[in-house]
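S.K.: Mind having a look at this structure? Questions to follow.
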Amino acid sequence: MNHTFVIQSPESGSNGLKPLGSRKEIVERLSKLNTGPEREGEDALFGPGVRIDLPPEKDPVEQMLLTIVEEEIAYLVMMRISRICGWKILDPETGRELNP
């Protein structure tokens, strides 16, 4: 069974969650980490061991879902995404934040 995490900004915004960025900014940022959509404009981004789902038709993006698809490499990729992008990754099952 695949494990799913939530990616959010470490800061709060005026109305709750602070946006991670626009869809375009997020796709560009993650492309530098070998993660992106199979076709332009898709909501699912694929990277080494992970799948990241953007909320459909939401811009700017406040949170995303990250699903582990290949456990052997996914945790290193997740920590790298968190550290380089400055995002926090939460485990919704435990409420625990993963720290890079």
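The values are calculated or read from the model by the stated rules, or taken from the named source; none is laboratory data. Being a predicted model, the structure only gives us computed values, none of them experimental. A quick note on method: Cβ atoms are made from the backbone with ideal geometry, for glycine too, and the neighbour counts reach across all protein chains shown.
S.K.: Can you list residue pairs whose Cβ atoms sit under 9 Å apart, with the first residue in region 5-30 being touching a residue at least 60 places away in the same chain (Cβ under 8 Å) and the second being assigned to a strand (DSSP E or B) and of a type in the set (S, T, N, Q)? Count only pairs 6 or more apart in sequence or on different chains.
M.R.: Short answer, once both residue conditions are applied: 5/67; 6/63; 7/63; 8/63; 9/63; 20/8; 20/63.
S.K.: Are any of the residues in region 32-41 of a type outside the set (Lys, Arg) and touching an Asp or Glu at 6+ places or on another chain (Cβ under 7 Å)?
M.R.: So far as region 32-41 goes, no, none of its residues is of a type outside the set (Lys, Arg) and touching an Asp or Glu at 6+ places or on another chain (Cβ under 7 Å).
S.K.: Restricting the search to region 29-65, which residues are of a type outside the set (Lys, Arg) and exposed (fewer than 13 other Cβ atoms within 10 Å of the Cβ)?
M.R.: Of everything in region 29-65, those that are of a type outside the set (Lys, Arg) and exposed (fewer than 13 other Cβ atoms within 10 Å of the Cβ) turn out to be 34, 38, 40, 41, 56, 57.
S.K.: Filter region 66-79 down to the residues that are surrounded by 16 or more Cβ atoms within 10 Å (Cβ to Cβ) and either of a type outside the set (A, V, I, L, M, F, W, C) or not in a helix (DSSP H, G or I) (or both), then identify the one that is nearest to the chain's Cα centre (by Cα).
M.R.: 66
S.K.: Also, quick follow-up: Would you confirm whether or not region 23-32 contains a residue that is modelled with pLDDT under 95, over 17 Å from residue 99 (Cβ atoms), out of contact with any helix residue (DSSP H, G or I) (no Cβ under 7 Å at 6 or more places or on another chain) and in a helix (DSSP H, G or I)?
M.R.: no
S.K.: Quick one: is residue 39 free of Cβ contacts under 8 Å to residues at least 40 places away in the same chain, closer than 15 Å to residue 4 by Cα and charged (D, E, K, R)? Give the derivation first.
M.R.: On the way: free of Cβ contacts under 8 Å to residues at least 40 places away in the same chain: yes; closer than 15 Å to residue 4 by Cα: no; charged (D, E, K, R): yes.
When the stated conditions are applied, residue 39 does not pass them.
S.K.: State which residue pairs qualify: first residue touching a residue at least 60 places away in the same chain (Cβ under 8 Å) and inside region 62-79, second residue among the polar types (S, T, N, Q) and outside any strand (DSSP E or B) in any location, beta carbons under 6 Å apart, and separation of 6 or more residues or different chains.
M.R.: Pairs that qualify, where the first residue is touching a residue at least 60 places away in the same chain (Cβ under 8 Å) and the partner is among the polar types (S, T, N, Q) and outside any strand (DSSP E or B), are 67/2; 68/2.
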